[in-house]
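S.K.: My questions will all concern the structure given below.
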Amino acid sequence: MKEFRTAFARIRLLLLLCGLLLVVAFSGILGAQLGWADAWLSYEKAVEPEPWRPRDIATDLSDQQANAGLIRLGHDLITRTPELIGPLAEDVSKRFAGNNLTCQNCHLKAGTQAGAGSFVGVYNRFPQFRARENKEGSLFERIDGCMERSMNGIKLPADSEEMKAMVAYMQWLSEEVPVEEEEKYKGFTTLELPEIKADLTIGEAVFKRYCVACHGENGQGIRAGENTMYQYPPLWGSDSYNHGAGMHRVITAAEFIKANMPYLLATYDKPVLTDEEAYHVAAYINSFERPQKHNAQADFPDVKLKPVSTPYGPWADTFPAEQHKYGPFQPIMRFYEQRYNIKKNK
């Protein structure tokens, strides 16, 4: 009996030792597997491509590029417009812009922000037909359109270093852009257009709630002094865009505002204002006096192609000027579709 108990004890001890060895072995295997898992996750994270983004002049432009200097000048012209080709330019002969806005007041972040008339891909879309001139135009001509309207100034000479620099910068931003990204960065965002006349009272309330902190109660923006650039631009008055600018059309302005305002809070993907708020405040901003574009009546030689929200005539319809400015725009759109088979969205 004693020998049996001794043998049993030895067997139990052997089984315990075997179990311990299995535990140690399994732990080692599991640890190795976990280690490999951690390593694999780290590898996947390391090789996962970063989301695409537009080129940044500070980090992506190599000094080795042949026209790097011209591209940098183009960027400076976009961001320091009044100082280089506007009222603040030391060289009087370079004062092509007539106000102290910068190009990036509309084309935000030097033309790299989605939903803000971005320059990303814009070079690839020219030449293109422009209804305002009723012909196929070049990118040079498109820039001059902004100079004469948004900047309330005069054309840049086509052979000037400034024109070449702006085009070089836009071309650089348009290189190697994925097709889906180029579409995202094109123009402004979409807007569900309210089927009512824009209400200036509602627009004023929206302006006071969201806009006065940057643009002031009188809409004249913020800057340190008369001989400095604006930190935030004026929205109306003598130093703003003229009545021939695209931003003077309520629908266009509302699309821009929806995707970008309040500044640094709203984005293309996450707007702050509703479509209705953007619509009403756009009308409020454009209800004030501003410079008048010379010979604006010559715009759109084929008046049937004029956007319905263009606030100055002539038009190919009998709707009143006030409706062309403040809406409702849907009846005008239906008229053009029924009468001329032209489908319009702005």
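A short reminder: the numbers here are calculations on the coordinates, not readings from a lab. Just so it is clear, the structure is predicted and the values come from calculations on it, not from any experiment. Here Cβ is always computed from backbone atoms with ideal geometry, including for glycine, and neighbour counts include all displayed protein chains.
S.K.: HN-Hα J couplings of the stretch 107-117 from phi, Karplus 6.51/-1.76/1.60, θ = phi - 60°, integer Hz, Gly and Pro as x?
M.R.: Rounded to whole hertz, the list is 8, 4, 6, 6, x, 10, 9, 5, x, 10, x.
S.K.: Of Lys197/Lys258; Lys155/Lys306; Lys208/Lys343; Lys208/Lys293; Lys94/Lys135, which ones are farther than 26 Å apart at the Cα? Before the final figure, lay out each step's value.
M.R.: Details: Lys197/Lys258 18 Å; Lys155/Lys306 22 Å; Lys208/Lys343 35 Å; Lys208/Lys293 28 Å; Lys94/Lys135 29 Å.
Table pairs above 26 Å Cα-Cα are Lys208/Lys343; Lys208/Lys293; Lys94/Lys135.
S.K.: Here's another thing I want to ask about it. Which far-off residues, 5 or more places away or on another chain, put their amide H under 5 Å from the one on Ile222, with H placed in the peptide plane?
M.R.: Distant-sequence amide H within range of Ile222: Gln231, Tyr232.
S.K.: Expressed as a whole number of Å, what is the distance separating the alpha-carbon centroids of the stretch 272-346 and the stretch 191-242?
M.R.: The distance from the Cα centre of the stretch 191-242 to that of the stretch 272-346 comes to 20 Å.
S.K.: Neighbour counts of other C-beta atoms within 10 Å: give me Asp63, Asp275, Asp239 arranged from fewest to most. Present the calculation step by step, with values, prior to reporting the outcome.
M.R.: On the way: Asp63 7, Asp275 17, Asp239 21.
Least to most surrounded, the residues fall as Asp63, Asp275, Asp239.
S.K.: Taking only C-alpha pairs under 8 Å that are 6+ residues apart, what is the relative contact order of the stretch 188-346 in percent?
M.R.: Numbers: 248 pairs, mean separation 42.0, N = 159.
It comes to 26 percent, rounded to a whole number.
S.K.: Let me ask another. Translational diffusion coefficient, Stokes-Einstein: compute it for the stretch 249-313 using the Kirkwood radius over C-alpha pairs as Rh, at 10 °C and 1.306 mPa s, and state it as an integer in µm² s⁻¹. List each step's numbers first, then the result.
M.R.: Numbers: Rh = 13.3 Å.
In µm²/s, the coefficient rounds to 120.
S.K.: With 10 angstrom as the radius, rank Leu108, Leu101 by how many other C-beta atoms surround their C-beta, starting from the fewest. Could you put the intermediate results ahead of the total?
M.R.: Working: Leu108 20, Leu101 24.
Result, fewest neighbours first: Leu108, Leu101.
S.K.: What ranking do Cys211, Cys146 get, fewest neighbouring Cβ atoms within 10 angstrom at the top?
M.R.: Numbers: Cys211 23, Cys146 20.
The most exposed by this proxy come first: Cys146, Cys211.
S.K.: Here's another thing I want to ask about it. At a threshold of 8 angstrom on Cα-Cα distance, excluding pairs fewer than six apart, so keeping six or more, what relative contact order does the chain reach in percent? Don't jump to the answer; show the numbers that get you there.
M.R.: Numbers: 534 pairs, mean separation 53.2, N = 346.
Once divided by the residue count of the chain, the mean separation gives 15 percent.
S.K.: On to the next question. Rounded to the nearest 500, what is the 222 nm mean residue ellipticity of the chain from helices alone, with -39500 (n - 2.57) per DSSP H run of 4+ residues and division by all residues?
M.R.: Helix-only estimate at 222 nm: -13500 deg cm²/dmol.
S.K.: Tell me which residues come under 5 Å, amide H to amide H, from Phe96 once H is placed; ignore anything under 5 positions away on its chain.
M.R.: Residues meeting the criterion, in which the H sits 1.01 Å from N, are Gly86.
S.K.: Per residue of the stretch 262-273, what does 6.51 cos²θ - 1.76 cosθ + 1.60 with θ = phi - 60° give for ³J(HN,Hα)? Whole Hz please, x for Gly and Pro, Karplus curve as stated.
M.R.: Values per residue, Gly and Pro as x: x, 4, 6, 10, 7, 9, 4, 8, 9, x, 9, 7 Hz.
S.K.: What is the stretch 53-144's relative contact order, in percent, from Cα pairs under 8 angstrom and six or more apart in sequence?
M.R.: Values: 95 pairs, mean separation 14.1, N = 92.
Normalised by residue count, the contact order of the stretch 53-144 is 15 percent.
S.K.: Something else: Take each uninterrupted DSSP H stretch in the chain, measure its Cα extent along the helix axis, and return the ones at 20 Å or beyond whose mean Kyte-Doolittle hydropathy is at least 0.5. Each step should come with its number before you reach the end.
M.R.: Working: long enough: 2-47 (67 Å, 0.97).
Helix filter hits for the chain: 2-47.
S.K.: Using amide H atoms built 1.01 Å from N in the peptide plane, name the residues 5+ places from Arg130, or on other chains, whose amide H lies under 5 Å from its own.
M.R.: Lys135, Glu136, Gly137
S.K.: Output needed for the chain: three equivalent-ellipsoid semi-axes, defined as square roots of 5 times the C-alpha gyration tensor eigenvalues, in descending order, whole Å.
M.R.: Working through the eigenvalues yields semi-axes of 59, 27, 21 Å.
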